[in-house]
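Structure first, commentary second.
The values are calculated or read from the model by the stated rules, or taken from the named source; none is laboratory data. Treat the numbers as computed from the prediction; the structure is a model and nothing was measured. Here the Cβ is made from the backbone with ideal geometry for all residues, glycine too, and neighbour counts use every protein chain on show. These area figures cover heavy atoms from the full protein model, side chains too; ligands, DNA and RNA do not enter into them. Shrake-Rupley method; radii C 1.70, N 1.55, O 1.52, S 1.80 Å.
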Amino acid sequence: MSWIKGILFGVVGYLAGYWLSISLGVERGTEAPFAIGYVFFFAGWLLGAGVWDHWARSWFGLENKTPPTKESHGWKRYFMFSTDHKVIGVQYLVTFALIFFLAGAFAMAFRYELMRPGRDWLSPKEFNTVMSTHGILMIAVAVSAIIGAFGNFVMPIQIGAEDMAFPRINALSYWTTPPVVFLILGANLLQGADYGFDFGWTAYPPLSTVAGLGKLFFLLAFMTLGLSSILGALNILITVIRLRAPGMTWGRLPIFTWGVFTTSFLSLIFTQFVFTGLFMVVLDRVAGTAFFAPDQGGGALLYENIFWIYSHPAVYVMIIPGFAIMLEILPTFARKPLYGYKWAIGGFFGIVAMSATVWAHHMFTSGMPDWMTVPFMAATEFISIPTGIIFLSALGTIWMGKLRLKTPMLFALAVVFNFLIGGLTGIFNADVATDLQLHDTYWVVGHFHYTIVGGEIFALFAGIYYWFPKITGRMFNEKLGKLHFWWMFLGFQAVFLPMFWLGYNGMNRRIADYIPELAGTNMWVSASAFLLGASFLVFIYNVVNSWVRGPQAANNPWGARTLEWQIESPPIEHNFHQIPTVTGHPYDYGVEGSVHAVLAPQAEAAD
Amino acid sequence: MSTLAHDSKYQLVTRRLGLWLFILSESMIFIALLFTRFLMQGVYRPEELNQTLGLGITTILLISSFTANRAEVRIAQGDRTGFLRNLAITIILGLVFLVVVVAVEWPEALHFAPPSTGYGTLFFAITGMHAFHVLTGLIILIIIFFQGKRGQYSPEDHWGAESGVVYWHFVDVVWIFVYPILYLFGP
Amino acid sequence: MERKNKDLIYASIIWFVLTFVGEMLLPSWRFIASPPYSIEGELIDEAFNLLLVLGFPVFTFVLVALFYSIFRYRVKEDDLSEDGPALHGSTSVWLTWLIVTGLLAVIVLIHPGFTGVSELRSNPTADMVVQIEGQQWNWTFTYPEYDITIDKADTLVLPVDTRIRFEVSSVDVIHSFWVPAFRMKIDAVPGLTTTMYLTVTETGTFEENPNLRVQCAELCGTGHARMRASVEVVTAEEFAAWVEAMQANAP
Amino acid sequence: MTTENNTNLLKRGAYVFLSLAVLTILEFFIATGRVAASIPLMALIMIGKAALVVQYYMHLGKTLQMDAAEAHE
């Protein structure tokens, strides 16, 4: 099993790194040996998890072991270094679902603390750590879940490929993620002064350069997550560019594939900025450099700029795949072509191109010079234009359709509704004047939960329900699916709508305690949060139960046209018996005689 | 099942593109760090900085790129001995570069620009990040060397060697930017 | 085609009515629970309300299109018998959409965007200076004109109808100086002195309105949530008396 | 690829190296004040050097060209 071997190798690596740094004269008890030890742990973990067995042996003239397959290892392959994109997709999906629930549990914990003002169930430091843990784990889910799960499972099938371009790098990008969780949870388990990290997920220095081992853990975890994201993006880009089936021209690419493709540009290029920013913080901590010492020319604003150059594009890394799933599902259940297919792709590219020009709108109150605020406000307002294209595309698709309100469709429609609120409230943040009041308040909390949870996580669930029959070969319980939807949807509105009011009326974010006047609304929010949290129990029951004993699913239960629905559920290894030939557009519902793809070209036809 | 994706020539281009995207991504780290240099210190540089030593190690790295290129051409030609000879020179030059940076350059810089100063911060962070890339490049080249010794590469199929060499050139390109920006630019 | 036109007309009517009713009701909606205590705050509240008014038609547009489609075009869940019409949208539809969304963006950018920035930042004059220094986890207020420094203060006393320049700095990590009732905040960044101008217009105390408080708005460590001080806006005479008392108390 | 072709490649590698060496020395003299010029000139030389390596040692042009040629096939 890759997990056990990985941890074993990792621990050995850590000890080796620790010993090495001590023997090189690094002071014992400082953070440097831990940082160096972690680098060795990470290398050891990857080697143990499968890089050595399936990859590195050949560098040393040894025979590589063959990667596990369904025939050779059965279900155990899900716990191993499999290079099959479908296995990796499921690994991503399950891992990040678990991280999502874990991060949700952390949210429950701090909502319990916030139920009443003056409560001291969590100490302020514990509160900050719990809140920050929720933040960074959810960021990990938001960045990786859709791209990792469906970008891996669905995208290669959609373009008619047998696998990703670099299957081993693909496995590597998955096996890079467990250390992130080890570190984050490890920081929560530390004791005394080393305990936790209390700087949110943004890790602004100088707060993040204050001593405390837990903070170092956080920084290393975030850097590791970035690495995974970069490798995944690289693989997706090359796969889409190089491995499309014959006839799969750019104009016939399913919209979901377009979504992960455009997103991957952002991950590939901008993740390195946050990596560099965090690297600077680590250097300031362990090597005594002075990046964030104001008297040396550095300072907090330097970090904020570098950080947001990544982290604003990162929100589009989160939301574009969400939009893409929504646009993928709407035509299927409206039985109409995707409205303005080319415009929607243009919208994606527009967002990608503009996403790098808006970062400083996170810094309107930071004391940066005025001449910077105005252009960034303008850029931010204008990014609503490509987003508007996505909206018209969605609305045009359902207009006059034949709407079948199955569970995936309900979630997809909820994305439109939620992102509408998320997007409109964003305008208030983009405006400098109102942002002076709204910045760093619960308004912002409400806004980004409406966009990322309401937009992306709802789309993630839409995707889970949509592709569940394809992934597992079994059908989920539709009634429970609908119950989950309405429970989650209403719970979500109840939690996050009042936050807008809270924010404008004086509740700032990331606080362990608040003034008594806001007690009533906070009580409501907390109670609704527990309700929202409970809705996932329905989901877990439904998914686990259906996976084990659900009815056999048809190959194409939704009547969809894209390639993944034209093959077996679950797909065979290498997906296709023969590489398909693509002959038409994927969303030509209602178009006479249009065929998206021919799966097994007749032998006679070739003659 | 035989498809275009399995065609070795097609696959080679796929891999090349992959490597280029990786290089694009990696260069963002250095772009961020080098921009930070201007943001933090403008073009300030301490008087004591040893520009001649910088010129020396730049030359070493440039020569190593030259020999790396020769190694690649040799293996494409099928000349294994020439390939290994050039690769060995490249590795030795790379090691010399690394040793000079870590054992000569850094202790010297510690005196006039310790990491607790603005310039020292940038100097150590950027040259350190570069040295880390040199180290990985060296490890890759050493692995390639021994693989080549075992007879692994042929004129038709030497992607392993090519990728290592291209990465090595990338390390050189980074230094082409680092050297003037850290050592030469001045008020 | 006929059905399409009819649906468009119905949906438009619903949208129009909903928008009209909504816009009528919006002004009486008291989203903002307590009044602003500064000229800048009034301006920001106005900008907020204007954005609500401008955003509402967009909100109802999407909402009507969404729910009209859901209710009007719904079919049985397993009914795959018929496909909808293959609409792609003509170039003119898309261009109109682009122009409308673009114009909306330009409008909010000019007003309240540009105008807001210029009104908030164009007048760098002040009757009085107050220096704010953040540290983990309390505030220090200094009135340089009166030689008063209050360390670890629990109250910020300000005279009414005065334009004040706040000079904000920090000794350790980033804090943010926010008075919710003034609707303004500015970060306290170590190594920088940031400034914020505002004109206080109403008297009041924290006890009367809990938004009259200094609140740290940027996560600054363990004591962040309770890093606050009350604000007391008093008349000029009361302020003079307070200054005298403070100076007398000073050693 | 023929042997003759490869000999040319070796030669080209040498020319590229020579140009790099000359440019580096030029940079050095500019910086140490023996040639009067400025930072923009050094920046230009630096970009030129990088372009030489990227084009002739790392074959960026060739990689992209091969890709384009395939697309036409």
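Things worth noting here:
- Screening chain A for whole DSSP H helices of 30 Å or more along their axis (Cα) with average Kyte-Doolittle hydropathy at least 0.0 returns A:2-23, A:85-113, A:124-153, A:213-242, A:255-286, A:300-334, A:407-430, A:478-504, A:519-549.
- In region B:59-91, burial by the other protein chains removes 40 Å² or more of accessible area from B:Leu62, B:Phe66, B:Asn69, B:Val73, B:Gln77, compared with the chain on its own (1.4 Å probe, ligands and nucleic acids ignored).
- Cα centroids of region B:115-181 and region A:176-223: 31 Å apart.
- Largest to smallest principal axis extent of the C-alpha atoms in region C:128-249, angstrom: 38, 28, 24
- Listed residue (A:Phe349, A:Tyr465, C:Ala217) projecting farthest to the positive dipole end of the protein assembly as shown, Cβ model: A:Tyr465
- Other residues within the sphere of radius under 14 Å centred on the Cβ of C:Asp83, judged by their own Cβ, net out at +1 (K and R +1, D and E -1).
- Restraint check, A:Lys336/C:Lys76; A:Lys5/A:Lys470; A:Lys5/A:Lys76; A:Lys76/A:Lys479; A:Lys70/A:Lys479, Cα-Cα greater than 26 Å: A:Lys5/A:Lys470; A:Lys76/A:Lys479; A:Lys70/A:Lys479
- Within a straight-line Cα-Cα reach of under 14 Å, A:Lys125 can be paired with the following aspartates and glutamates, leaving aside sequence neighbours fewer than 8 residues apart in one chain: A:Glu113, A:Asp194, A:Asp198, A:Asp513.
- In degrees, nearest ten, helix B:8-41 long axis to first principal axis of chain B (Cα): 0 degrees
- Mean silhouette area of region A:294-350, derived from the convex hull of its C-alpha atoms and averaged over all directions, reads 4.6 nm².
- Listed values for region B:109-118 are Karplus-derived 3J(HN,Hα) couplings in whole Hz (6.51 cos²θ - 1.76 cosθ + 1.60, θ = phi - 60°), namely 5, 4, 6, 9, 9, x, x, 7, 9, x, and x replaces Gly and Pro.
- Overall form of chain A per C-alpha gyration tensor (a/c, 1.5; a/b vs b/c): oblate
- Phi angles of region D:8-19 translate, via the Karplus equation with coefficients 6.51, -1.76, 1.60 and θ = phi - 60°, into HN-Hα couplings of 4, 4, 4, 4, 4, x, 5, 4, 4, 4, 4, 4 Hz per residue; Gly and Pro are given as x.
- Degrees separating the helix B:80-99 axis from the principal Cα axis of chain B, which is the longest one: 20 degrees
- Unit charges on C-beta of K, R, D, E only; dipole of region A:1-65, Debye: 140 debye
- Degrees, to the nearest 10: C:39-72 long Cα axis against longest axis of chain C: 20 degrees
- Each of the GluC sites (Glu not before Pro) that DSSP puts in a loop and that has at most 16 other Cβ atoms within 10 Å breaks chain C; the longest unbroken stretch is C:1-76.
- Across region A:66-602, the relative contact order, built from alpha-carbon pairs under 8 Å that are at least six residues apart, equals 17 percent.
- Net charge dipole size for the protein assembly as shown [Lys, Arg +1 and Asp, Glu -1 on Cβ; Debye, nearest 20]: 3520 debye
- Gaussian network model of chain B, Cα within-10 Å springs - most flexible of B:Phe170, B:Phe22, B:Phe30: B:Phe22
- Carbon/sulfur fraction of accessible area - region A:1-65, other protein chains in place, 1.4 Å, %: 74 percent
- Helices in chain B, meaning DSSP H runs of at least 4 residues, each add -39500 (n - 2.57). Divided by all residues, the mean residue ellipticity at 222 nm is -26500 deg cm²/dmol.
- Within region C:128-249: Cβ-based charge dipole about Cα centre, in debye rounded to nearest 20 (Lys, Arg +1; Asp, Glu -1): 460 debye
- Overall form of region B:1-121 per C-alpha gyration tensor (a/c, 1.5; a/b vs b/c): oblate
- Residue among B:Leu110, B:Leu62, B:Leu84 with the largest mean-square fluctuation in a Gaussian network model of chain B, springs linking Cα atoms under 10 Å: B:Leu110
- Mean separation of Cα pairs under 8 Å and 6 or more residues apart, divided by the residue count, gives chain B a relative contact order of 33 percent.
- Dipole of region C:129-187 [Lys/Arg +1, Asp/Glu -1 at C-beta], most positive-end residue of C:Ile164, C:Ile132, C:Ile148: C:Ile164
- Overall shape: oblate for the protein assembly as shown, with the ratio a/c of the largest to smallest alpha carbon gyration tensor axis at 1.5 or above and b/c at least equal to a/b.
- Every helix of 4 or more DSSP H residues in chain A counts as -39500 (n - 2.57), and over all residues that averages to -21000 deg cm²/dmol at 222 nm.
- Euclidean distance between Cα centres, region A:440-497 to region C:55-79, Å: 19 Å
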